[in-house]
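Comments concern the structure below.
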Amino acid sequence: MRIDILTLLPATFAGVFDESILGAARRSGLIDVRVHPFRDYGEGRHRTVDDAPFGGGPGMVLKPGPLAAALTALRQDGLPAPVIGLMPQGLPFDQTMARELARLPRVILVCGRYEGFDERILPEFDLQISIGDYVLTGGEFPAMVVVDALSRMIPGTVGDPDSVREDSFYDGTLDHPQYTRPATWQARGIPAVLRDGHHSRITDWRRGEALWRTAAHRPDLFRQLDLAPRDRALLQDALSPLTQSNPDKGA
Ligand code: ADE
C-alpha cells in the first residue's frame, strides 16, 4: 500500500515510520510512505500557503490554490487514491475505518494547520477524518496515527495474524486481559485457566473476559454487539463469583 502525506511540517515525520512493525513493513515493501512538503506548492516568492480569514478573527486559513495544485500533482503521480483530510470536524476514526482504508492500494493524507482549510477546497476531499474530540495544532500527529493503524491491517505487517484478530476493537470488543511471567507478582496470581494448557477453555475464558471488559468499560460498544447465545453464557461465566479471576471486577 502506498500512503502519501501532504504536510507543512515534513520534518515532523522524520524517523517516525522507521522503527518496529512499521519500519519492517516499509523495508519489506508492504507499505510505501511518502511525505510531501506542502510549501512546495505555495504561491509567489514566499511560497505562501495561508492568509488571514475573511471577516476577521484570529489565525490563518490555508488557501485553496496551493492545495489544489498539490493534489493535482499527487494524483498524477501514481494510482488513483482517495484524498483524506485530517481535521477535527471529520468522521471519527475507528478500527473499521482503518480496516477498510487498508484494503486500498493507495491513500493521500492531507494534514491541516492553523485555523483549517478554506471551505471551498473541501469538495476535493473524499473523506475527512478526526482522531478524537480535541483540537491538535495540526494534522501531523493524526496522520501518524492513521498510518500506524492502517499498517497493522495490511496482511503481512504484523507477524502473527491472530494477534491482529485478537486486538481491541477488531471484532467490536476490547481485548481480554493478558499476563506474563512471573506467575505470582507481589502476591498477585494469574487466573488458573491460563496455566492448565486447555486451549478451548482458554479461548472461552478470553472471550468471556473481553465481553465483560467491553460491557464494563465501553457500554456504547457493548450495546452494538450482536451476542450469540454462547457469548451470553461466556459472559455469565466471566461475571460469576466462582470465577473471580480478575480483581478489576471488584467482586
Ligand atoms: N487536526 C487538529 N485536530 C485534529 C483531530 N482531532 N483529528 C484530526 N485532525 C486534527
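Are any of the residues in the stretch 199-221 under 30 Å from Arg27 (Cα atoms) and among the hydroxyl-bearing types (Ser, Thr, Tyr)? Looking through the stretch 199-221, none of the residues is under 30 Å from Arg27 (Cα atoms) and among the hydroxyl-bearing types (Ser, Thr, Tyr).
Do we find that Leu6 is in a helix (DSSP H, G or I), on the phi < 0 side of the Ramachandran plot and buried (at least 18 other Cβ atoms within 10 Å of the Cβ) in this structure? The answer is no for Leu6.
Cβ-Cβ distances below 7 Å connect the following pairs, each with a first residue in the stretch 113-127 that is assigned by TED's automatic domain parsing to the domain that holds Gly57, a second residue that is assigned to a loop (DSSP other than H, G, I, E, B) and buried (at least 17 other Cβ atoms within 10 Å of the Cβ), and a separation of six or more residues or different chains: Arg113/Leu8; Asp118/Lys63.
So which residues in the stretch 209-251 are among the small types (Gly, Ala, Ser), within 15 Å of Gln178 (Cβ to Cβ) and at pLDDT 95 or above, if there are any at all? Ala210, the sole residue that qualifies. If a residue must be of a type outside the set (Lys, Arg) and under 22 Å from the mean Cα position of the chain (by Cα), how many such residues does the stretch 216-240 contain? Total satisfying the criteria: 7.
Cβ-Cβ contacts under 6 Å between residues 6 or more apart (or on different chains), taken from a first residue in the stretch 78-92 that is without any contact (Cβ under 8 Å) to a residue 60 or more places away in the chain and under 7 Å from Gln128 (Cβ atoms) to a second residue that is within 14 Å of the ligand (Cβ to nearest atom) and among the hydroxyl-bearing types (Ser, Thr, Tyr), are listed as Gly90/Ser130. Applying a threshold of 7 Å to beta carbon distances and a minimum spacing of six or more residues, or different chains, the list of pairs starting in the stretch 154-172 at a residue that is at positive phi and ending at one that is surrounded by 11 or more Cβ atoms within 10 Å (Cβ to Cβ) and not in a loop (DSSP other than H, G, I, E, B) reads Phe169/Gln95; Gly172/Leu221. All told, Thr180 meets the bar of being modelled with pLDDT of 95 or more, closer than 30 Å to Gly15 by Cβ and over 24 Å from the mean Cα position of the chain (by Cα).
Is it the case that the stretch 107-128 has a residue that's surrounded by fewer than 20 Cβ atoms within 10 Å (Cβ to Cβ), out of contact with any strand residue (DSSP E or B) (no Cβ under 9 Å at 6 or more places or on another chain) and within 19 Å of Ile3 (Cα to Cα)? No, the conditions are met nowhere in the stretch 107-128.
Among the residues examined, Ile84 qualifies as crowded, with 16+ Cβ neighbours inside 10 Å, under 20 Å from Ile154 (Cβ atoms) and not basic (Lys, Arg).
Based on what the data block shows, is Ala187 among the aliphatic types (A, V, I, L, M) and over 25 Å from Leu91 (Cα atoms)? It is true that Ala187 is among the aliphatic types (A, V, I, L, M) and over 25 Å from Leu91 (Cα atoms). Taking the listed residues Val146, Val164, Val158, the one that is β-branched (Val, Ile, Thr) and surrounded by fewer than 17 Cβ atoms within 10 Å (Cβ to Cβ) is Val164, with no other qualifying.
The values are calculated or read from the model by the stated rules, or taken from the named source; none is laboratory data. These figures come from a predicted structure and were not determined experimentally. Ideal geometry is used to build each Cβ from the backbone, glycine not excepted, and the neighbour counts take in all protein chains shown.
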